[in-house]
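Every read-out reported here was derived from the displayed coordinates using simple, explicitly stated rules and does not represent laboratory data. Small disclaimer: the values here were computed from a predicted structure and weren't measured. With ideal geometry, Cβ positions are generated from the backbone for all residues, glycine too; neighbour counts draw on all protein chains shown.
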Ligand SMILES: NC(=O)c1ccc[n+]([C@@H]2O[C@H](COP(=O)([O-])OP(=O)(O)OC[C@H]3O[C@@H](n4cnc5c(N)ncnc54)[C@H](OP(=O)(O)O)[C@@H]3O)[C@@H](O)[C@H]2O)c1
C-alpha cells in the first residue's frame with residue numbers, strides 16, 4: 001500500500017496493560033499528533049498470545065476491541081507474531097511483552113526480528129535491554145534504525161530523554177533514586193502506620209499495587225534491572241543485572257523506620273549508579289523532606305551533573321497510560337525533527 005512520508009505504520013507486540021494503553025493513546029491523540037507533528041500514526045497490526053490482527057490501512061477501534069476480547073472473527077489465520085513483524089509493511093514496532101531477566105524472551109527475539117526487518121523499535125520491556133543492551137544497539141546502528149526505551153525506567157518519568165536531550169553537554173556524575181513504586185508504597189505505609197512488612201505487603205496485593213508473586217519488586221531485582229539500563233545508556237557500561245549489588249526491603253521493620261524517623265530520616269529502597277561503575281540497590285536512610293523523600297507509589301531520581309548541578313525528577317513509575325506516555329514520546333521523538341510548534345496536545 002502507498003503511504004505518504006509522514007504516515008507511520010505501527011505494530012504492537014504484547015497487548016496487555018501497556019500495549020492496550022498505547023493503542024488507546026495513539027487513537028485518542030491521533031488528530032492532535034497529526035496537527036502538531038504532521039505524523040499520521042496508524043496501528044496496522046497487533047499480536048499477543050491470543051493471535052494476530054492486521055489491517056494495512058490501520059485497525060479500527062472496533063477491530064482492536066474485538067481482538068482484545070479474543071473474537072476469532074478478526075484474528076489473522078496462519079500468521080505468527082514473527083511473521084507479522086517480518087512481513088507486514090510497517091515502520092515501527094512497539095514491544096510490550098512481559099519482562100524476563102533470565103533470557104530476555106520473547107521480547108529479545110521480537111526486537112531482533114524487527115530491527116533486522118528494518119523497523120524502528122520502541123519498548124517498555126526491560127529484559128532484553130538489561131541482558132543484551134550493546135548487541136541490540138549495535139544491531140540498530142547497523143540497520144540505521146532507532147531503539148528507544150524510555151518506559152523501561154521510571155514509567156512516565158522522563159529520565160533517559162531528559163539526560164539525552166535537555167542535559168546534553170553535561171557530564172553525568174551519578175543517578176540515584178527510587179525506581180520501584182511497590183517498594184516505595186510498602187515503606188511509606190509501614191512508616192506512616194507503624195505496620196509490619198507482611199501486613200502492608202498483603203494490603204498492597206489486595207489493592208493491586210503488589211503482584212501475587214512480589215519477589216522481583218521487594219527483593220530489589222526490578223530496581224536493579226532499571227539501574228542496569230541507566231548504567232548502559234548513560235554511563236556507557238556493558239552491565240547486566242547480575243553486576244548489581246542488591247538488597248531488598250523484606251527485612252525492614254517498623255522499629256527501624258521509627259528509629260530513623262526519630263533521627264530525622266526515613267528509609268527508602270535506593271538504586272544508585274555512578275561514574276566509578278558502582279551499581280547498588282539497597283535500603284538507605286534519606287533525610288525527611290529530601291528531594292528523594294517521595295511517598296506512595298511515586299518514583300524519583302536525582303541526576304548529579306557537572307554543569308547543571310542536581311536535577312530531580314518525580315513521577316508515576318507505572319500504569320498503562322503512564323507507560324504509554326513514555327512510549328508515545330519515544331515514537332514522536334524518532335520522527336520529530338524539532339521543528340514542530342510548541343503547542344500543547346489536547
Ligand atoms: N504495567 C506497567 O505499568 C509497566 C510500566 C513500565 C514497563 N512495563 C513493562 O512493559 C511490559 C508489558 O507490561 P504489561 O503490564 O502490559 O504486562 P501484561 O499486562 O502482562 O501484558 C503482556 C502482554 O504480552 C503478551 N505476551 C506474552 N507472551 C507473548 C508472546 N510470546 N508473544 C506475544 N505476546 C505475548 C501477553 O499475552 P497474555 O496476556 O495472553 O499472556 C500480554 O498480552 C513488561 O515488560 C513490563 O515490565 C510495564
* Compare the peptides 16-25, 216-225 by average per-residue count of other Cβ atoms within 10 angstrom and give them in order, highest first. => 216-225, 16-25
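How high is the FRET efficiency between residue 310 and residue 203 when r is their beta carbon distance and R₀ equals 30 Å, given to the nearest 0.05? Walk me through the numbers before you get to the answer.
Numbers: r = 34 Å, r/R0 = 1.13.
My answer for the efficiency is 0.35.
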* Write down the percent of antiparallel bridges among all DSSP beta bridges whose residues are both part of the chain, to the nearest 5. => 60
* Structure fact -> Per residue, the convex hull enclosing the alpha carbons of the chain has a volume in Å³ of 144
* To do: Provide the FRET efficiency to the nearest 0.05 for the residue 86-residue 242 pair, computing r from the beta carbons and using R0 = 30 Å.
  => 0.40
* Asked: Using only the Cα atoms, what convex hull volume per residue in Å³ does the stretch 88-177 have?
  -> 119
* Shape of the stretch 271-315 from its Cα gyration tensor (a ≥ b ≥ c, root eigenvalues): rounded if a/c is under 1.5, otherwise prolate when a/b > b/c, or oblate? -> oblate
* Length gain on complete extension for the stretch residue 261 to residue 276, per 0.36 nm per residue less the alpha carbon to alpha carbon distance? -> 2.3 nm
* Asked: Using helices alone, what [θ] at 222 nm do you get for the chain, with -39,500 (n - 2.57) per DSSP H run of 4 or more residues, divided over all residues and rounded to the nearest 500?
  -> -11000 deg cm²/dmol
* Asked: Relative to the longest principal Cα axis of the chain, at what angle does helix 107-116 sit, 0 to 90 degrees, rounded to 10?
  -> 40
* In whole Å, largest first, what are the principal axis extents of the Cα atoms in the stretch 163-317? => 46, 32, 24
